[in-house]
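The structure appears below as structure tokens.
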Amino acid sequence: MAVSATVDGVLAELAARKRWRLSHVAVAAVVVAFLAWCAEGAGLRPKELANALPAIGEYFYRMTPPKWEFSEVLWKPAVETLYIALWGNVIALLIGLPLGILAAGNVTRSALVRNSAKAVLNLLRSISELIWAVFFVAAVGLGPFPGALALGVNFGGILGRLYAEALENIDPGPVEALEATGASRLQVIAYAMLPQALPQFVTFNLYWFEVGVRSATVLGMVGAGGIGFELVTTIRLFEWRETGVVLLLILAMVTIIDMASTWIRSKIY
Amino acid sequence: MDLEIKGLSKTYPGASVRALNDVSIRVPAGEFLVILGPSGAGKSTLLRCINRLVEPSEGKVFHNGAEITSANGDLRAIRRSFGMVFQQFNLVKRLSVLTNVLSGRLGHRSVLRSLAYSFPEADKRIAVECLARVNMDHKAFQRADTLSGGEQQRVAIARALAQQPQVILADEPVASLDPKIARQVLGYLRQAAQELGITVLCNLHQVDYAREFAERVVGMSRGAVVFEGPSSLLTDEVLHRIYYREPGEEAKEEQ
């Protein structure tokens with residue numbers, strides 16, 4: 001074969017490119033140095049963490065054995081937490097879906113509409129659900145309702161962004177095919193775009209329901225209902241064995257939801 | 001150095017029809033065998049039962065006299081000697097052409113070193129030489145997704161060659177290419193196989209390519225072999241046997 005000359009040429013270029021990669025090492029060194037510099041800014045003190053580990057272990061030790069009787073008091077707020085997460089997700093869907101569709105570049109042609117939708121989503125997302133909860137508690141009073149509103153508004157901003165990205169990543173082939181049939185814009189969205197993105201939408205919603213259960217446990221701290229109130233109270237009163245029960249209950253809820261959502265997703269794809 | 005398939009059958013879980021029904025074929029070393037048949041005839045299942053991407057329900061495959069179907073032996077070693085080429089090329093599109101071809105060497109190398117994306121010099125030479133065989137060495141450093149379909153399939157052939165296999169299983173390698181490019185790709189495959197003494201089992205559904213490239217043709221219909229012989233014997237009567245279906249049968253099978 002007359003190719004041996006070109007083979008050597010390619011191998012030489014490969015070696016040259018390997019050397020060029022030494023500059024990648026330099027880049028990596030700069031990145032590590034930057035991270036080290038930021039570590040100081042973030043006040044990372046690994047030594048103190050190492051020294052504190054026994055104390056942290058001590059907290060968990062004090063939680064045993066969990067005081068199971070306490071769970072009788074917990075059922076109501078635990079179920080309330082699920083209600084908050086569920087309705088938070090419904091509100092998030094109602095806010096996020098229209099805004100997400102408007103924010104997707106391949107769905108919405110007008111840059112003005114698209115960027116406005118993105119701006120709203122950014123605003124909703126950049127304020128954490130805990131801060132929203134403080135606002136809504138002030139507005140509508142204590143209880144689970146402000147909690148659901150806070151989750152809905154913040155998660156709406158997050159889900160809207162994820163919906164938009166899922167829409168932007170669909171296969172453009174079917175879209176072109178439906179446009180070619182003379183279908184209108186809305187028909188193309190309904191028949192070529194949404195069906196392709198739907199499994200991802202469902203996955204996002206199920207995952208954020210799980211996140212919602214976790215978040216709802218914190219909302220109780222600012223009086224927005226759910227199991228968080230009990231959690232904070234037991235910690236403040238140093239009732240560690242009760243705290244253990246609350247944490248185990250949250251773990252159980254999240255695990256059950258995770259298994260349920262895995263099952264639901266396997267039925268959808 | 002033969003490949004011998006004996007009584008191979010496959011029923012997929014939950015399916016009522018056998019995808020493969022008692023298939024027996026003997027392929028001498030170095031032959032370019034075309035397996036011809038309509039979509040759904042069981043051609044893909046047959047190839048995948050050989051390198052055990054699909055486990056056959058019944059039957060055995062012997063390679064160089066050794067049984068490779070039920071042998072719980074080294075599956076990695078068995079797969080190493082069978083290269084595969086796919087209809088949709090199956091290149092990792094974000095990686096360079098050369099890295100894609102180098103991945104053909106993975107079966108020969110330790111897991112640890114490959115995870116550092118590092119290959120011995122000898123492997124690099126093999127990979128570039130295989131690229132040169134399909135005349136793609138000038139695009140070694142391009143990303144795979146910048147190539148046309150025909151070029152991608154040539155790279156995929158180079159990946160299979162880099163494995164230094166004894167057999168190449170090509171599953172509809174030109175089904176998504178235009179006729180001119182398809183002939184070119186099949187030409188590269190046949191030439192490389194001839195020069196390196198590699199046996200090729202090539203699934204096709206187009207009769208004219210079979211006539212042009214096959215040393216021997218096996219015709220399949222509904223999971224069974226219905227013809228075996230040189231491509232010169234592909235008469236209208238034979239093609240009718242391979243491709244004809246009772247009216248309404250297609251709809252029945254698709255359910």
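Coordinate-derived values only; no laboratory data. Note that the structure is a prediction, hence the values are computed from the model and not measured. Neighbour counts run over all protein chains shown; Cβ positions are idealised from the backbone, glycine included.
Taken over the alpha carbons of the range B:9-139 as equal point scatterers, the Debye sum produces base-10 log I(q)/I(0) values at 0.13, 0.15, 0.16 Å⁻¹ of -0.73, -0.93, -1.02. log10 I(q)/I(0), Debye, Cα-only the range A:63-118, no solvent, q = 0.23 Å⁻¹? Ignoring solvent entirely, the Cα scatterers give -0.86.
For the residues of B:134-143, the average number of beta carbons from a partner chain within 10 Å of their own beta carbon is 2.
A Cα-only calculation for the range A:66-268 places Rg and Dmax at 19.8, 68 Å. Averaged over peptide B:92-101, the number of partner chain Cβ atoms lying within 10 Å of each residue's Cβ comes to 1. Only Cα pairs under 8 Å and 6+ residues apart enter the sum, and on that basis the relative contact order of chain A stands at 24 percent. When the inverse distances between all different Cα atoms of the range A:6-133 are averaged and flipped, the Kirkwood radius reads 22.1 angstrom.
Can you give the Rg to Rh ratio of the range B:74-172, both from alpha-carbon atoms, with Rh computed by the Kirkwood formula?
Computed over Cα atoms, the ratio is 0.94.
In this rough spin-label picture, where each label sits 7 Å from Cα along the Cβ direction, the residue A:207-residue B:112 distance is 3.4 nm.
Straight Cα distances below 22 angstrom link residue B:60 to the lysines B:6, B:10, B:43, with same-chain residues fewer than 8 positions distant left out. Distance from the Cα centre of the range B:178-208 to that of the range B:1-15, in angstrom? Using only Cα atoms, the two centres lie 24 Å from each other. The mean number of Cβ atoms from other chains found within 10 Å of a Cβ in peptide B:121-132 is 4, as a whole number. The stretch between residue B:6 and residue B:92, if pulled fully straight at 0.36 nm per residue, gains 27.5 nm over its current Cα-Cα span.
Across the protein assembly as shown, Cα-Cα distances exceeding 37 Å account for 55% of all pairs. Report the net charge of residues surrounding residue B:42, where surrounding means a beta-carbon distance below 9 angstrom and charges are Lys +1, Arg +1, Asp -1, Glu -1. Surrounding charge for residue B:42 is +4.
Under a model in which nothing but the beta-carbon of Lys, Arg (+1) and Asp, Glu (-1) is charged, the range A:66-268 shows a dipole of about 340 debye around its Cα centre. Applying a DSSP loop filter and a limit of 16 other Cβ atoms within 10 Å to the GluC sites (Glu not before Pro) in the range B:167-228 leaves B:215.
Please sort by residue number the trypsin sites (Lys or Arg not before Pro) in the range A:77-171 whose DSSP state is loop and whose Cβ has at most 14 other Cβ atoms within 10 Å. Here the sparse-neighbourhood loop sites are A:109.
In this rough spin-label picture, where each label sits 7 Å from Cα along the Cβ direction, the residue A:76-residue B:175 distance is 6.4 nm. Put simply, the amide H of residue B:85, placed in the peptide plane, has neighbours under 5 Å in B:169, B:170, B:171, leaving out anything fewer than 5 places away on its chain. Under a 5 Å amide H cut-off, with hydrogens placed 1.01 Å from N, residue B:20 pairs with B:10 among residues at least 5 apart or on other chains.
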